[in-house]
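Inspection log for the structure reproduced underneath, given as structure tokens.
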Amino acid sequence: MDKFKLFHLRANKLKLANIAGLVDETLFVVEPQVSLLGDMGVKRVAKLRADNKTMKTEMEQPHSSLLTGPVKQANDVCDATLDDIKRSITTGSRSTVAAKASAGKILDHFMKPFWDINKKPLLSQISMTVEMLARYSADATLKQAAQTLAIADLFTALPTQNATLSNLYNQRLAEYVAALPSASGLKNTVAED
């Protein structure tokens, strides 16, 4: 006589596709015998079937936004402006003209903590750009150095570009939040059933 040992399966630790497959197999085995489970059992099986169908539908849907393209374009504009600023600072700091070299070194020192902000995640890039521009606006020496290197207009354009990026990013984020629950959000519901 074979002895079987039952154990608790932590289904919520499985990947979504594995949970969906496990539930499909469970429903395949249980559905022919569902009438034997009584009213409560029938309702639980129906709920499990509905939750699994919802989760599978969400798994198959592409989760892209129409705002992703405009966010990328706005980010590219900000990145290009930041790259132009950095290029001019590097060139200025190596200049043989003393005024440009001095201005380049002042701005280079100022930009050190912000040098790679365009390589950071968007939310970090946006907030660090705001901080950088606030410091720049508050310091007359930095403004004069930017004038000397002829990049003051870039520092003037960047707040508008960054605000556009921030608005688009926040709109896209709100769109994601308002969307239907994701399949991973339904994972625990299906796993508990």
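Laid out as a table, the results:
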| read-out | value |
| --- | --- |
| Dipole of the chain, positive direction: furthest Cα of 155, 16, 168, with charges on the beta-carbon | 155 |
| Exceeding the 20 Å Cα-Cα cut-off - candidates 105/143; 86/112; 15/120; 15/119 | 15/120; 15/119 |
| Accessible-area composition of the chain, carbon plus sulfur, in percent [1.4 Å probe] | 58 |
| For the range 11-120: accessible area per residue (Å², 1.4 Å) | 64 |
| Nitroxide proxy distance, nm - points 7 Å out along Cα→Cβ at residue 116 and residue 2 | 5.7 |
| Area of residue 131 that stays accessible when all protein chains are in place (1.4 Å probe, Å², to 10) | 80 |
| J(HN,Hα) series, the range 24-35, from Karplus relation 6.51 cos²θ - 1.76 cosθ + 1.60, nearest Hz, glycine and proline x | 4, 5, 4, 5, 4, 6, 7, 4, x, 10, 4, 5 |
| Dipole moment magnitude, nearest 20 debye, the chain about Cα centre, only Lys, Arg, Asp, Glu C-beta charged | 500 |
| Simple spin-label estimate for residue 167 and residue 65 in nanometres, 7 Å along Cα-Cβ | 1.5 |
| Modelled FRET efficiency - R0 25 Å, residue 47 with residue 13, Cβ distances, 0.05 increments | 0.70 |
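The values are calculated or read from the model by the stated rules, or taken from the named source; none is laboratory data. For clarity, every value in this text was computed on a predicted model and none was experimentally measured. Here Cβ is always computed from backbone atoms with ideal geometry, including for glycine, and neighbour counts include all displayed protein chains. SASA here: full protein model, heavy atoms, side chains in, ligands and nucleic acids out. Shrake-Rupley method; radii C 1.70, N 1.55, O 1.52, S 1.80 Å.
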